[in-house]
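S.K.: One structure coming up, written as structure tokens, with questions to follow.
Each reported figure results from applying straightforward, stated rules to the coordinates on display, with no laboratory input. All figures in this text were calculated on a predicted structure; none of them were measured in a lab. Ideal geometry is used to build each Cβ from the backbone, glycine not excepted, and the neighbour counts take in all protein chains shown.
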Amino acid sequence: MTPVLALDNLSIAAGSKLLVSNLSFSLARGERLGLIGESGSGKSLTALAATGLLPAGLSPAGSAKLGGTEVIGTPNRALDRLRGTAVAIVFQEPLTALDPLMRIGKQVAEPLARRAKRDDAPLSGAALKQAVLALLAEVALPEPERIAQAYPHELSGGQRQRVAIAMALACKPDLLIADEPTTALDVTTQAEIWVCLTGWSASATWHCFLSATTCPLSPTPSARSWCSDRARP
Ligand SMILES: Nc1ncnc2c1ncn2[C@@H]1O[C@H](COP(=O)(O)OP(=O)(O)OP(=O)(O)O)[C@@H](O)[C@H]1O
Ligand SMILES: [Mg+2]
């Protein structure tokens, strides 16, 4: 079966400086995998390269396939259809994913409605509102009705990260990339977020790829493996 993600000799350079060197691994349906490495070892760049989101000035080489589709060298526009379906990303700082001027409920509703439309089962009005509340409850947010009415600055860091996770899950991606989703949070909240992510990834057909600096609280009891302590030699 085609892997959900397959990296083959992926390298990333900034000019003549090699930042990630010959990284290869693949992730099959239902698997979880942690990419561990010290700060600056290339975890985030690997995640960005796998989704075609590397910043200008960085050149990838080798191969990164999402569900069999080559990402490296493929124009941005052609990758748009994969983002939010084949893959979604949760970043370390949830504020980067949230619009400060929009209520949480509206922000979560957008990817939900987009995905429902793609699935030919459009959601709107009361049904969409219900779906938003159900998703907020799924990521264990207390008082979903209140949270849906709130603006991002009215939530705690952990609550904001749960909202960011909810927005990623709303896309129903084949692959969820979580780039240090708990680094900015206190230890108790970190544990809660890992429970949320691992619980979700254990559900039938979904997938989770975790990226972290240090092994976070043994969160992945059924993960296939932890990969690569350094992304460059
Ligand atoms: N746009 C860029 N231009 C040049 N070098 C960059 C750029 N972005 C990142 N780098 C360099 O690439 C290397 C890998 O960065 P990356 O952000 O992937 O590390 P990381 O493993 O995610 O680290 P951390 O655990 O601190 O998040 C670092 O040395 C970084 O300075
Ligand atoms: Mg990083």
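S.K.: Pull up the cross-link candidates among the aspartates and glutamates for LYS43, meaning alpha carbon to alpha carbon under 14 Å and not fewer than 8 places away within one chain.
M.R.: Straight-line reach from LYS43, under 14 Å: ASP179, GLU180, ASP229.
S.K.: To continue, here is another question. What is the calculated FRET efficiency for ALA134 to THR188, with r their C-beta to C-beta distance and R₀ = 30 Å, to the nearest 0.05?
M.R.: Efficiency, rounded to the nearest 0.05: 0.75.
S.K.: Once both labels are modelled 7 Å past Cα along the beta-carbon direction, what's the LEU101-ARG146 spacing in nm?
M.R.: So the two model labels end up 2.7 nm from each other.
S.K.: Cross-link partners among lysines for LYS117, C-alpha distance below 30 Å, same-chain residues fewer than 8 apart left out?
M.R.: Excluding near neighbours in sequence, the set is LYS65, LYS106, LYS129, LYS172.
S.K.: Could you give the nm distance between label points at SER16 and SER124, where each point is 7 Å from its Cα heading toward the beta carbon?
M.R.: 5.9 nm
S.K.: What's the percent breakdown of Cα-Cα distances in the chain across 5 Å bins, shortest bin first?
M.R.: Percent of pairs per bin, in order: 1, 7, 14, 18, 20, 17, 12, 7, 3, 1, 0.
S.K.: Which one of PRO75, VAL108, LEU155 has its Cα pushed farthest toward the positive end of the charge dipole of the chain, where Lys and Arg give +1 and Asp and Glu give -1 at the Cβ?
M.R.: It is PRO75.
S.K.: Would you work out the relative contact order for the chain, in percent, from Cα pairs under 8 angstrom that are 6 or more residues apart?
M.R.: Reported relative contact order: 31 percent.
S.K.: Here's a follow-up. Among residues other than ALA113 whose Cβ falls under 14 Å from its Cβ, what is the net charge (Lys/Arg +1, Asp/Glu -1)?
M.R.: Numbers: positive: LYS106, ARG114, ARG115, LYS117, ARG118, LYS129, LYS172; negative: GLU110, ASP119, ASP120.
That sum, taken over residues with Cβ under 14 Å, equals +4.
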